[in-house]
1. Any idea how many residues of the range 210-242 are within 11 Å of the ligand (Cβ to nearest atom) and not β-branched (Val, Ile, Thr)?
2. Identify, from the list Ala412, Ala450, Ala387, the residue that is touching a residue at least 60 places away in the same chain (Cβ under 8 Å), exposed (fewer than 15 other Cβ atoms within 10 Å of the Cβ) and more than 27 Å from Gly238 (Cα to Cα).
3. In the range 20-74, which residues are hydroxyl-bearing (Ser, Thr, Tyr) and more than 21 Å from Pro85 (Cβ to Cβ)?
4. Give the number of residues within the range 1-40 that are among the hydrophobic types (A, V, I, L, M, F, W, C), under 22 Å from Val195 (Cβ atoms) and crowded, with 19+ Cβ neighbours inside 10 Å.
5. For the range 41-128, give me every one of the helices (runs of 4 or more DSSP H) that falls completely inside it and has 1 or more residues that are within 25 Å of the chain's Cα centre (by Cα), of a type in the set (Asp, Glu) and surrounded by fewer than 22 Cβ atoms within 10 Å (Cβ to Cβ).
6. Taking the range 157-172 on its own, how many of its residues are near the ligand (Cβ under 6 Å from one of its atoms) and more than 13 Å from the chain's Cα centre (by Cα)?
7. Answer yes or no as to whether Ile212 is within 18 Å of the chain's Cα centre (by Cα), within 30 Å of Val244 (Cα to Cα), surrounded by fewer than 17 Cβ atoms within 10 Å (Cβ to Cβ) and free of Cβ contacts under 8 Å to residues at least 60 places away in the same chain.
8. If the requirement is being away from the ligand (no atom under 16 Å from the Cβ) and either part of a helix (DSSP H, G or I) or at pLDDT 95 or above (or both), which of these qualifies: Arg282, Arg245?
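The values are calculated or read from the model by the stated rules, or taken from the named source; none is laboratory data. Fair warning: this is a prediction, and the values are worked out from it, not measured in the lab. Using ideal geometry, Cβ is built from the backbone for each residue, glycine included, and neighbour counts are taken over all protein chains shown.
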Amino acid sequence: MNIAMIGTGYVGLVSGTCFAEMGNRVVCVDIDENKVDQLKNGQLPIYEPDLEHYFSRNTSEGRLTFTTDLAEGVAHAELIFLALPTPPGEDGSADLSYVLNAAGEIADLIANEDDDRYRLIINKSTVPVGTADRVQNVMEEAGLQAGEQFDVVSNPEFLREGVAVDDFLKPDRVVIGTSSEKAANMMTRLYEPFVRQGNPIVVVDERSAEMIKYAANSILATRISFMNEIANLCEKVGANVDKVRLGISKDHRIGRHFLYAGIGFGGSCFPKDVQALHRTGRQNDYNFKILDSVLKVNDQQRELLAERVIDYFDGDVSGKKVAIWGLSFKPNTDDIREAPSHIIIRALLDAGAEVVGYDPEAIETTRRVFGDAIDYADDMYSALDGADVLVICTEWNAFRRPDLADVRDRLAEPVIFDGRNVFDPKRMAEMGFIYSSIGRPSLPPENDEAAIETALSENGQPA
Ligand code: UDX
């Protein structure tokens, strides 16, 4: 099928590439000339595992092309996807100006064509309930007839950064929101190759599709905030949140995913979408109370490690050097949007600490935010040289089995605050670390050097 992908951000680029991989001809359109030049030269503006492989293959085989010319994309395509930013406006609600302006330009282009081709205008961006209707109004205002010349479809994405290509190629489900049978058939044909594992294509009305996206992200965010509250309470009563998680996850009604306590959720979706759904409630005279708490708990959780570090130094961290492992909001991405690490760094800097950060991918993106206010290490070990404490903010695999003897040697004091529970508290205590994690008892560190040496030489962590 012939597709135009309007917007080559994270979602547009992954979606366009994966549609091309299934044999469709995809023209990606973006107003950013530099980005389009970069893409034409074979360079990806984001880090996403596997994307490069599919991107190279499909560009070299001519199924995936890039342009700044919207008219070229519209002339090419029967399926026109909008994958445009919907940033929070001043009042927190999603700013739809990119989506609606693009719809207006597309409508004018279609209205001026000679033929009467039928088009689908498909919303991929996360947009408030009712946006499909607004896009339809824009199209109709240009004199186009719904059902004849176009239909509007809501087709939310559920891509997780870091595994987005896999999520796109093998989705748990595809949600298609449309009240037009013709549109539903075209969309089903497009997505059939992606759901051959037997996963469903769920066809619903536009408003339900828009709500599905917010409901999915909000329930996932709620699970995280809920587990973070359980973790906080575990600490107070001497229980262990990891064991609690294991116990509850065996109940098939609960399941095992998204129950990891930590330092709160970040990223471009959860904080924004939970807030937007809460606002939708308000706008419709409904106070969605749980969501308010989900956000408050998350704000509190993202501050937690900075508070603990400051408390550890009796309220005075001036001149203390804090090493941070993990700057991205989660592993396998260079994305730092709403990253808990950044909130922790800011709080530590405000309190007068020195910060040195290391991340396998997110140093450059972090440098754009903090500039010279913090130092950046070339590797995870050199970040520790002379640091008074190590704070773990992202659970990159490389941090899971480090050489703890080396870690201990390099730190001025063997103190670790772990926001992602990557180590076993018992083993850390045996190796002489003062080790604090989330929702698990902290044990007093071993102080017999011979015992510490033995434990360090074994080093491995029980699974
Ligand atoms: C999310 C949704 O999963 C995806 O479907 C949607 O389309 C976009 O938003 P993403 O933002 O890439 O994807 O990240 P995700 O893997 O969902 O994690 C979000 C945040 O929650 C991260 O900060 C992560 O560290 C945190 N998290 C996740 C936890 O704290 N505990 C968990 O158990 C799971």
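1. Residues flagged as within 11 Å of the ligand (Cβ to nearest atom) and not β-branched (Val, Ile, Thr) within the range 210-242 amount to 13.
2. Values: Ala450 fails: touching a residue at least 60 places away in the same chain (Cβ under 8 Å); Ala387 fails: exposed (fewer than 15 other Cβ atoms within 10 Å of the Cβ).
Just a single option satisfies the conditions, and that option is Ala412.
3. First, the residues of the range 20-74 that are hydroxyl-bearing (Ser, Thr, Tyr): 47, 54, 56, 59-60, 65, 67-68.
Answer for the range 20-74, where residues must be hydroxyl-bearing (Ser, Thr, Tyr) and more than 21 Å from Pro85 (Cβ to Cβ): Tyr54, Ser56, Thr59, Ser60, Thr65.
4. Going residue by residue through the range 1-40, those that are among the hydrophobic types (A, V, I, L, M, F, W, C) are 1, 3-6, 11, 13-14, 18-20, 22, 26-29, 31, 36, 39.
Within this subset, residues satisfying the condition of being under 22 Å from Val195 (Cβ atoms) are 1, 3, 5, 11, 13-14, 18-20, 22, 26.
If we keep only those that are crowded, with 19+ Cβ neighbours inside 10 Å too, we end up with 3, 5, 11, 13-14, 18-20, 26.
Looking only at that region, the number is 9.
5. Working: elements: 51-60, 70-76, 97-111.
In the range 41-128, the matching helices (runs of 4 or more DSSP H) lie at 51-60.
6. Step one: list which residues in the range 157-172 are near the ligand (Cβ under 6 Å from one of its atoms), which gives 157-161.
Now narrow it down to the ones that are more than 13 Å from the chain's Cα centre (by Cα): none.
Of the residues in the range 157-172, 0 are near the ligand (Cβ under 6 Å from one of its atoms) and more than 13 Å from the chain's Cα centre (by Cα).
7. On the way: within 18 Å of the chain's Cα centre (by Cα): yes; within 30 Å of Val244 (Cα to Cα): yes; surrounded by fewer than 17 Cβ atoms within 10 Å (Cβ to Cβ): no; free of Cβ contacts under 8 Å to residues at least 60 places away in the same chain: yes.
Judged against the criteria, Ile212 is not a match.
8. Values: Arg245 fails: away from the ligand (no atom under 16 Å from the Cβ).
From the options Arg282, Arg245, the qualifying one is Arg282.
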